[in-house]
Amino acid sequence: MIIQAAAAAPLFLLLLLLLFVAACNAQLRVGFYSETCPSAEETVRAAVKEAMHEDMSSAARLLRLSFHDCFVQGCDASILLEAEGGEAEAPGNAGVGGFEVIGAAKKRVESLCPGVVSCADIVMLAARDAVALSDGPDYELPTGRRDGRISSLALASHLPEVNDPIRVLKAKFHAKGLSEKDLVLLTAAHTLGTAACFLTSKRLYNFSGRGDPDPTISPRFLPRLKSFCPLNSDFVRRIPLDWASEFEFDDHILRNVVTGFAVLASDAQLTEDRKTRQVLESYVGGGHATSSFGADFAEAMVKMGRIGVKTGSQGEIRKICGKVN
């Protein structure tokens, strides 16, 4: 028995080593496609640039798409799957777009390198490029994700919502391994794009259930909000989330939050918690404010991009982003 155990030990160690090597090879890394598809990132950026040239609001849609993908089953492009009862049908995903840009980028990449680049990576690369092409930070993004095979409406029931109180928002972010700082920074993605007016209805017209507005809204901003989003506005009417620079990525959205000019209730909630308010003030709080917003946002995006990723032998590389192989 002793001889058998001694002989088995090297084999066991060899298996452990092989497992370790496989795990290392399966990790996300910058330049994952440098040998298998060298022009992948350049091709995705070209598709994003073209989409933004036709419609600048494409940037906001692509950035939002990455968030909504990663927060359900991880960053695996499950939101792109066209399935009855799929996660794209969840109320929290109402208005999410950019699918056609991802599809166009995927088609180009497939023509160059068939079966190599995942839709999940294209979603994250497109979000990065949308930010960079909107005068935001341009950062290195680890890639190597694989695509999920499941898209379920039930699994998308815990997305952050615009009327969530701050404790709920924090809990939802903590559940994904994200901190209060990440919550503030990823909320700052609202520097780009618009929101449907109906999302502001409760905040403007029935905040406490007595037909009153949210008292944290600046008195100078409230009439403007109400005139733009009258009572019972529908989904079609949309309002810029950052009035000063709707198509430019900057920290102005955080200044709006601090001064009572936030459009969404979830954005305004960032001032209601000591930790999130400290983060806000570290960027826009005056004399001791930092200038690291862009770099910190990029870091938060990279961190979000690691949520629940599938790598190595997990998942698949879809040929078409809307369908499993």
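Quick look at the values:
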{"quantity": "Filtered GluC sites (Glu not before Pro), segment 248-325: DSSP coil and at most 15 other beta carbons within 10 Å", "calculated": "GLU248"}
{"quantity": "Å² of accessible area per residue within segment 73-154, as computed with a 1.4 Å probe and no ligands counted", "calculated": "35"}
{"quantity": "Accessible area of the chain belonging to carbon and sulfur atoms, whole % at 1.4 Å probe", "calculated": "58"}
{"quantity": "Phi-based couplings in Hz for segment 68-80 (Karplus 6.51, -1.76, 1.60; Gly and Pro marked x)", "calculated": "5, 6, 5, 7, 10, 6, x, 7, 10, 6, 5, 5, 7"}
{"quantity": "Label-point separation, ILE320 to ARG29 (7 Å along Cα→Cβ), nm", "calculated": "3.4"}
{"quantity": "Karplus 3J(HN,Hα) series, Hz, for segment 237-244 with 6.51 cos²θ - 1.76 cosθ + 1.60 (x for Gly, Pro)", "calculated": "6, 10, 10, x, 7, 10, 4, 7"}
{"quantity": "Within segment 246-267: backbone nitrogen closer than 16 Å to the PHE221 label point (7 Å, Cα to C-beta)", "calculated": "246, 250-267"}
{"quantity": "Value of [θ]222 nm, deg cm²/dmol, for the chain, DSSP H segments ≥ 4, -39500 (n - 2.57) each, nearest 500", "calculated": "-13500 deg cm²/dmol"}
{"quantity": "Separation of the PHE198 and LYS107 label points, Cα + 7 Å toward Cβ, nm", "calculated": "3.1"}
{"quantity": "Lys, Arg +1 and Asp, Glu -1 on Cβ, resulting dipole of segment 256-321 about Cα centre, debye, nearest 20", "calculated": "380"}
{"quantity": "Reachable lysines from LYS181, criterion Cα separation under 28 angstrom, eight or more residues apart if same chain", "calculated": "LYS170, LYS172, LYS202, LYS275, LYS303, LYS310"}
{"quantity": "Simple Cβ-charge dipole of the chain, Lys/Arg +1 and Asp/Glu -1, about Cα centre, in debye nearest 20", "calculated": "620"}
{"quantity": "Check: segment 29-77 dipole with +1 on Lys, Arg Cβ and -1 on Asp, Glu Cβ, in debye", "calculated": "160"}
{"quantity": "Top of ASP251, ASP267, ASP234 by mean-square fluctuation, Gaussian network on the chain, Cα under 10 Å", "calculated": "ASP234"}
{"quantity": "Total formal charge among the other residues, if their Cβ is under 11 angstrom from that of GLY31, Lys/Arg +1 and Asp/Glu -1", "calculated": "-2"}
{"quantity": "Sum of side-chain charges, LYS107 neighbourhood, beta-carbon under 11 Å (Lys, Arg +1; Asp, Glu -1)", "calculated": "+1"}
{"quantity": "Order of exposure, largest accessible area first, which applies to ILE320, ILE307 with probe 1.4 Å", "calculated": "ILE320, ILE307"}
{"quantity": "Placed amide H near ALA195: partners under 5 Å, 5+ positions off or other chain", "calculated": "ILE239, LEU241"}
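The values are calculated or read from the model by the stated rules, or taken from the named source; none is laboratory data. Everything quoted here is computed from the prediction, not taken from an experiment. A quick note on method: Cβ atoms are made from the backbone with ideal geometry, for glycine too, and the neighbour counts reach across all protein chains shown. Side chains are part of the model used for accessible areas, which takes the heavy atoms of the whole protein and leaves out ligands, DNA and RNA. Shrake-Rupley method; radii C 1.70, N 1.55, O 1.52, S 1.80 Å.
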